[in-house]
């Protein structure tokens, strides 16, 4: 398999944007380890990782005091990137023990939220968790080799992805996580719209190599369609996208197609991940002219248009709303990760600003610090294909 720079997975190199701005490798490596240690083994005010029993662990969403497939799959990806098999295995065992749905229309998926004691708060999944689980499991198989169930990583990934695509085809109920006609990931299985930040074409390119053979063509097309979907959802001037969007790219308005009365048609929390994903896709599989322009539009918006007011909430057209972002450090992190695609005047400024930004503290630190660590790994050349 070839990746973005025309090399195989085994041969390819990864950009180190910190080195490009003059930071030493010693400093970069020390900071990377420091972040991991704080998130996994820091003080009670820092860590998100908690061991449970003799061989399990969970990763807490400290803002909501629960455990989510989002966070568990993120933590597993962090561990496989950091070559931390013990922590990875503890997390996956907790997922299998408490989050797996054995019965009902969502059997085969994972409950998107559980209490820290393992009690399920939901009987349905959130598809971003499943796709991160699958990718982390494939990487684990390739880094460490398969073990006995549930540590037979590659089989677990393939079974999960097969369920994600074929759920309900046997008449047992439930729905697939990807729309079989347009190849786009659903926000949740019950609806027919999406979340632009769920789209991970750089993962689907790999699923097209490693998933069940019958599904590989689907994943290849899913990668193509997700990149096209980004073009529909990202504003042509600001680069901002909504949290939820219809398949045609238009924002989902509150209380219409979705009973939730809260707004998700603006640039807020979930939406920050989209530009980070565009950056990592560019790093792994090559940067299109659109991705470069998109990254530069977004960085121009934050570094020029709203400079000095860059931690607010925004309409996708750039209108500044009289609210402060719930996750301001996530904005800084993902703006920086955009530099993997950007060649514009603010690319290095965003990287330097992120380097000088500390991890978030306080109850809402979970989401910010997850995106923080992913951005740090990506910008230092340590978010890799295995």
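The values are calculated or read from the model by the stated rules, or taken from the named source; none is laboratory data. Since we're looking at a predicted model, the values are computed, not measured. Every residue, glycine as well, gets a Cβ built from its backbone with ideal geometry; the counts of neighbours run over all protein chains shown.
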(request) Could you figure out which of (1) within 19 Å of residue 192 (Cβ to Cβ); (2) touching a residue at least 12 places away in the same chain (Cβ under 8 Å); (3) surrounded by fewer than 17 Cβ atoms within 10 Å (Cβ to Cβ) isn't true of residue 252? (result) (3)
(request) Would you mention how many residues in region 1-18 are surrounded by 12 or more Cβ atoms within 10 Å (Cβ to Cβ), at pLDDT below 95 and not in a loop (DSSP other than H, G, I, E, B)? (result) 1
(message) I'm checking my understanding of the structure. Among residues of region 19-58 that are touching a residue at least 40 places away in the same chain (Cβ under 8 Å) and in a loop (DSSP other than H, G, I, E, B), which one is surrounded by the most Cβ atoms within 10 Å (Cβ to Cβ)?
(response) 48
(request) Give the number of residues within region 60-71 that are within 18 Å of residue 383 (Cβ to Cβ) and surrounded by 22 or more Cβ atoms within 10 Å (Cβ to Cβ). (result) 1
(request) Identify, from the list 299, 348, the residue that is surrounded by fewer than 18 Cβ atoms within 10 Å (Cβ to Cβ) and in a helix (DSSP H, G or I). (result) 348
(message) Can you tell me how many residues within region 166-209 are in contact (Cβ under 8 Å) with a residue 40 or more places away in the chain, part of a helix (DSSP H, G or I) and surrounded by 19 or more Cβ atoms within 10 Å (Cβ to Cβ)?
(response) 9
(request) Being under 10 Å from residue 58 (Cα atoms) and touching a strand residue (DSSP E or B) at 6+ places or on another chain (Cβ under 7 Å) is the filter here, so list the residues in region 75-97 that pass it. (result) 75, 87, 90, 91, 93, 94, 95
(request) Could you tell me whether any residue of region 221-240 is in contact with a strand residue (DSSP E or B) (Cβ under 8 Å, 6 or more places away or on another chain), at pLDDT 95 or above and assigned to a loop (DSSP other than H, G, I, E, B)? (result) yes
(message) Quick check on my filter: what residues within region 297-339 are free of Cβ contacts under 8 Å to residues at least 12 places away in the same chain and farther than 28 Å from residue 64 by Cβ?
(response) 307, 308, 319
